[in-house]
Amino acid sequence: MDVNLLAMAEICAVCNDAGVYFDGRLFRATGLPTEAALKVLVEKMGFPDIKSRNKTRDIQGSSNNTMDCDTLKLGCSEWWNRRSKRVATLEFDRVRKSMSVIVREPDGQNRLLVKGAVESLLERSSFVQLADGSLVPIDDQCRELLLQRLHEMSSKGLRCLGLACKDELGEFSDYYADTHPAHKKLLDPTYYSSIESDLVFVGVVGLRDPPREEVHKAIEDCKQAGIRVMVITGDNKSTAEAICKEIGLFSRDEDLTGQSLTGKEFMSLSHSEQVKLLLRNGGKVFSRAEPRHKQEIVRLLKEMGEIVAMTGDGVNDAPALKLADIGIAMGITGTEVAKEASDMVLADDNFSTIVSAIAEGRAIYNNMKAFIRYMISSNVGEVISIFLAAALGIPECMIPVQLLWVNLVTDGPPATALGFNPADVDIMQKPPRK
């Protein structure tokens, strides 16, 4: 690996809270799937060459050119974590769209390792690292080239993460623990952006999160059933559009003007324009969305008289899940906060299960109508007969035993059988009832 790839491996391994372990049969991941994927990437990259081509920094931190057996027993991620000791973490937030860690390198110097949204990191980067480890100042042409490359990757449906680092940390260059004078600044998230400034942009990692095979059919069923599907995601706009085309929400060559917006673009519209956009037929995708954007979209849809089912799995989805008519949380990957805020929890985390539940609900409703209609039609004859007999003053036409017989034998079993009718073949091809 060249020096640039070594830097990427270090950031992916150390600026990471996930883990990958072998339980005796299978490799399993802990933590967020995105971070676990980065750990897998590090393992695939393998151990770095000792005495790498980096002229300024020995990657192992010693003059020894061999790895002992104990080192080789470690995973590559664990090797990096033992080499670069984490001393502080700057947690992710949606303002700066990144997270970072301060690590102590083998030479005793502190270094900042950052990962986050590519556009956000580029805004705060002053240099780009090349393959040989040299640094080049970022100008407009360089930034445009990197954004173009990002667009190419995200248009293929890849979820892209930017990686960056920083060697000159100022007052944090000798940070070691919470007793350090600069520790108070790490307690204030508003100060994180200033720490993550003048970065060295290292590269972009693309992660593939393929949709399940059955999602395409579920989206088609929704369209036929008169159910509108809207995707709200924190992903890059190009990535979101590519995935939506892949699952069939949009056709391959469809013009997405007015159907694909970022959260900020939607919020910048006037109220009437927002309502007009949401009323427009067809699917919608909202990218780079924040929790308040999700809430606002749900609130507007409810004001328009729509019945809104919202799905989500994270803590940031909880407000929108609570606000929706039907909140649906993920049972496997969902957080406890999301589950508590929801009305329904999916045991298999599968979107097609929601569509199946709608079909089942429609079948139950139709069977209930058939049951009630049959019972009413048969009981109306009895009521009219008894009422007319009483009104005309003639003897009762039905004695109590006959009434019991009609209700229990001739009404009950046929009506119950109607309640267990299988769903109609075209049940998901009819528009929703009011």
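The values are calculated or read from the model by the stated rules, or taken from the named source; none is laboratory data. The structure displayed is predicted, hence computed values, not measured ones. For neighbour counting, all protein chains shown are included, and Cβ atoms are generated from backbone atoms with ideal geometry for every residue, glycine included. SASA here: full protein model, heavy atoms, side chains in, ligands and nucleic acids out. Shrake-Rupley method; radii C 1.70, N 1.55, O 1.52, S 1.80 Å.
How many residues are under 17 Å from LEU207 (Cα atoms), without any contact (Cβ under 8 Å) to a residue 12 or more places away in the chain and open to solvent by less than 70 Å² (accessible area, probe 1.4 Å) when one looks only at segment 16-50?
1
Inspect segment 131-149 for any residue being part of a strand (DSSP E or B) and either crowded, with 20+ Cβ neighbours inside 10 Å or among the hydroxyl-bearing types (Ser, Thr, Tyr) (or both) and give the result as yes or no.
The answer is no, given that none of the residues of segment 131-149 is part of a strand (DSSP E or B) and either crowded, with 20+ Cβ neighbours inside 10 Å or among the hydroxyl-bearing types (Ser, Thr, Tyr) (or both).
Search segment 392-403 for residues that are more than 15 Å from GLU382 (Cα to Cα) and pair each with any residue that is open to solvent by less than 90 Å² (accessible area, probe 1.4 Å) when their beta-carbon atoms are under 9 Å apart and the residues are at least 6 apart or on different chains.
ILE394/LEU388
Of the residues in segment 361-390, how many are open to solvent by 70 Å² or more (accessible area, probe 1.4 Å) and either β-branched (Val, Ile, Thr) or over 47 Å from the mean Cα position of the chain (by Cα) (or both)?
Here the count works out to 10.
Across segment 83-122, what is the total count of residues that are outside any strand (DSSP E or B) and touching a helix residue (DSSP H, G or I) at 6+ places or on another chain (Cβ under 9 Å)?
11
What single numbered condition from (1) more than 30 Å from GLY248 (Cβ to Cβ); (2) open to solvent by 20 Å² or more (accessible area, probe 1.4 Å); (3) not aromatic (Phe, Trp, Tyr) fails to hold for ASP209?
Exception for ASP209: condition (1).
Let me confirm something: among ASP411, ASP325, ASP426, ASP349, which residue is at positive phi and without any contact (Cβ under 8 Å) to a residue 40 or more places away in the chain?
ASP349
Tell me the residue from GLU296, GLU273, GLU265 that is of a type in the set (Asp, Glu) and either surrounded by 20 or more Cβ atoms within 10 Å (Cβ to Cβ) or touching a residue at least 24 places away in the same chain (Cβ under 8 Å) (or both), please.
Residue meeting the stated conditions: GLU296.
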